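Reviewing the structure listed below.
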Amino acid sequence: MQQTTKGQSSGTRRRPPVPWHSRQLQQFRRCALLHQLCLLLLMAASIIASTEALAIEDRASSSAKTRWVPAIGQSWQIVLNAPLKIDPKKPVVIPDVDVYTIDLFDNSAQTVAALHKLNKKVIAYFSAGTYEDWRSDAKKFAKDDLGKPMEDWAGERWLKLKSSNVRNIMAERIKLAAQKGFDAIDPDNVDGYGNKNGLGLTKADSVDFIKSLSKEAKKYGLSIGLKNAGEIIPQVLSVVDFQVNEQCVKYNEVQTFEAFIKAGKAVFHIEYPKGAPKSVSTKTKAAIFGAKGTERFTTLLKTMDLDGWVEYRDGKHFITKTG
């Protein structure tokens, strides 16, 4: 009969204890495997990011080749006080015009896509020259970026156009417009030089700012308009694609903005007549629509809050649904 050693049971054999150096080797191997796994994950993330970046560049490059620029005389509607109310599955919108300008932040990519289904071009409105305290990116502005409050517009302040932070924020807005599928941008309030801005803004500041916005827009295949700012047209006409002006008839500035027509570029023209929308006099309408030099402008009558109501040269008026 086989003898058993103390501490052992018959028929079984204990595994010898694992030497300390073997345990360290196992731990080392585990760490090495984890390290390799982390490297693989980082490589995968890098590949995905690079692929997405290339896809964005490809879209921008493709868009740039077919970049839409509005034509003189195209019909237009602008609605800024609320997002458009439009069914993306069965889109319908009135009036049936060529171009819509709507707010960049308030309207979704689905709304832009719905307008595209209806063969509309879509312009993204945002204020490039003022801070608006209700915008989703308002916290990104530094205290030093802000000037005096904008008269008659609560929650708005003029912006330092030379600020790299301001320009970066505007670049992000332009990128957002591209991501949502807009065809163009309408950057507002670029004429701070003519207002009490508290920042010493000059025409040269606006010219340089518009050139930077134009360069950024074209990177994504977007066209860009000049909003008002008639004094700097000669310096920026070559870098913008169309013009949006408010009340050039009222302020006797028609001739100023005719420069765009002479250059073969569209002019979108808004007047805010007294009594709009219900009681604009026939005399007032005749003075606006019959103003010499505006014959090739796309002229609208609107209320100051830029709601859905609009009236055209032919006397037809519409209310675009919002909500």
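No lab work stands behind these numbers, since they all come straight from the coordinates. Remember, it's a predicted structure, so these values are computed and weren't measured experimentally. Note that we place each Cβ from the backbone using ideal geometry, even for glycine, and neighbour counts take in every protein chain shown.
Please work out the FRET efficiency for the pair residue 140 and residue 272, using the Cβ-Cβ distance as r and a Förster radius of 35 Å; give the result to the nearest 0.05.
Efficiency, rounded to the nearest 0.05: 0.65.
Using DSSP to call loops (not H, G, I, E or B), can you name the trypsin sites (Lys or Arg not before Pro) in region 207-281 whose Cβ has at most 10 other Cβ atoms within 10 angstrom?
274, 278
Read phi for every residue in region 118-131 and hand back ³J(HN,Hα) as whole Hz from Karplus 6.51 cos²θ - 1.76 cosθ + 1.60, θ = phi - 60°, with x for Gly and Pro.
Computed from phi, the couplings for region 118-131 are 8, 6, 9, 8, 10, 9, 8, 8, 7, 8, 8, x, 9, 7 Hz.
What are the aspartates and glutamates whose alpha-carbon lies under 13 Å from the alpha-carbon of residue 227, with same-chain residues fewer than 8 places away excluded?
Counting by Cα, and skipping residues close in sequence, residue 227 has these aspartates and glutamates nearby: 186, 188, 191, 241, 246.
Put +1 on the Cβ of each Lys and Arg and -1 on the Cβ of each Asp and Glu in region 78-175; which of 81, 124, 154 then has its Cα farthest toward the positive end of the dipole?
Final value for the positive-end residue is 124.
Could you list which residues have their amide H under 5 Å from that of residue 309, counting only those 5 or more apart in sequence or on another chain, with H placed in the peptide plane?
Those qualifying (amide H under 5 Å, at least 5 residues apart or on another chain) are 320.
Taking Cα pairs under 8 Å and at least six residues apart, what relative contact order does region 243-308 come out at, in percent?
Across region 243-308, relative contact order equals 38 percent.
Using a simple spin-label model with points 7 Å from Cα along the Cα→Cβ vector, what separation in nm is obtained for residue 152 and residue 252?
Those two pseudo-labels are separated by 1.9 nm.
Among the aspartates and glutamates, which have Cα under 12 Å from the Cα of residue 250 when same-chain residues fewer than 8 positions away are ignored?
Residue 250 reaches 271.
If R₀ is 35 angstrom, what is the calculated FRET efficiency for the pair residue 296 and residue 164, using the beta carbon separation as r and rounding to 0.05?
The formula returns an efficiency of 0.35 here.
Hey, which of these cross-link pairs are over 28 Å Cα-Cα: 89/140; 120/140; 85/180; 180/292; 175/285; 218/321? All intermediate terms of the calculation are to be shown ahead of the outcome.
On the way: 89/140 35 Å; 120/140 33 Å; 85/180 17 Å; 180/292 38 Å; 175/285 39 Å; 218/321 31 Å.
Violating the 28 Å limit, Cα to Cα: 89/140; 120/140; 180/292; 175/285; 218/321.
So if R0 is 35 Å, what FRET efficiency would residue 281 and residue 106 give, r being the distance between their Cβ atoms, rounded to the nearest 0.05?
The pair residue 281/residue 106 has a calculated efficiency of 0.60.
Would you mind pulling out the separation of the Cα centroids of region 140-155 and region 267-323, in Å?
30 Å
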